[in-house]
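The next block holds one structure in the form of structure tokens; read it before the comments.
Values quoted throughout were computed directly from the atomic coordinates according to the rules given, and no laboratory measurement underlies them. A quick note: this is a predicted structure, and the numbers were derived from the prediction, not measured. Cβ atoms come from the backbone with ideal geometry, glycine included; neighbour counts cover every protein chain shown.
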Amino acid sequence: MHSENNQLDKISEYVQQKFANDYTGHDYYHLQRVVKNAIKIATDEGADLFITTAAAWLHDITDHKLANNPEKEKNELIQFLKPLGLQYSQIEAIITIIDTTSYSKGVIPPTIEGKIVQDADRLDAIGAIGIARAFAYGGSKQRSIHAPTKSSGSTIHHFYEKLLLLQDSMHTNTGRMIAAERHQYIENFLHQFYKEWEGE
């Protein structure tokens, strides 16, 4: 009989191996922060803590930005989860959350646990950590820091394309509260960035 803590330990080890060599800002520490945010929000919302935590650890496994073959990764994940003693309904719930977390898919997760993981993931894309991750990801994709003459393609443009929009996409009260402070930090950063860029 596997305890939930034991199952979560195995899941944590699984993603630690999977993301050991990530330098795009989607590393193990990103997953760890998302898990902490998710647990905090799930506790406030009265959601299923096991499903929320497991899905938070696993939410990037099939991300098309990180996985060469998302479908293969999903099948491997299911084969990994089965021997851990999870119920079929739990595996199904986790996979549904993984399939609906990504910002680029534009999907609102159907369950409260999915909404929480999406909030937790998006919180890690804003604030000081979010800024650091944006430039890490941009550098890994050979994006320029800022390209004033172009309307897209730079990391600074990505702030307007995504990061500044995340505050209004939060589903939970806790998510909204945390996002407000982090959003303001981004606004302050951009103000300072442009001052320095112009040499003021």
Surrounding net charge for Gly153, when Lys and Arg each add one and Asp and Glu each subtract one, Cβ distance under 14 Å: +3
Estimated FRET transfer efficiency (Lys150, Gln32; beta-carbon r; R0 35 Å; 0.05): 0.50
Cβ-based net charge around Tyr28, under 11 Å, with every Lys or Arg adding one and every Asp or Glu removing one: -2
Square roots of 5 times each gyration tensor eigenvalue, C-alpha, the chain, largest first, Å: 32, 19, 13
Kyte-Doolittle mean at least -0.5 and Cα axial length at least 24 Å: DSSP H helices in the chain: 28-45
Electrostatic dipole magnitude of the chain [Cβ: Lys, Arg +1; Asp, Glu -1; Cα centre; debye, to 20]: 340
Values of log10 I(q)/I(0), in the order q = 0.20, 0.25, 0.26, 0.29 Å⁻¹, for the stretch 68-130 under a Debye, Cα-only, solvent-free model: -0.87, -1.08, -1.10, -1.16
Estimated distance in nm for a label pair at Gln87 and Asn188, the labels positioned 7 Å out from Cα along Cα-to-Cβ: 4.6
Highest to lowest packing among 169-180, 118-129, 79-90, scored as the average C-beta count within 10 Å: 118-129, 169-180, 79-90
For Ser140, net neighbour charge (Lys/Arg +1, Asp/Glu -1) across residues whose Cβ lies under 11 Å away: +3
Whole-percent pair-distance distribution, where bins are 10 Å wide, for the alpha carbons of the stretch 84-200: 13, 37, 30, 15, 4, 1, 0
Selected from Trp197, Leu77, His146, residue furthest toward positive end of dipole (the stretch 74-200; charges at beta carbon): Leu77
Convex hull (Cα only) mean projected area of the stretch 13-63, reported in nm² to one decimal: 3.5
Distance violations [Cα-Cα > 25 Å] among Lys115/Lys150; Lys72/Lys150; Lys10/Lys141; Lys36/Lys195; Lys65/Lys150: Lys115/Lys150; Lys72/Lys150; Lys10/Lys141; Lys36/Lys195
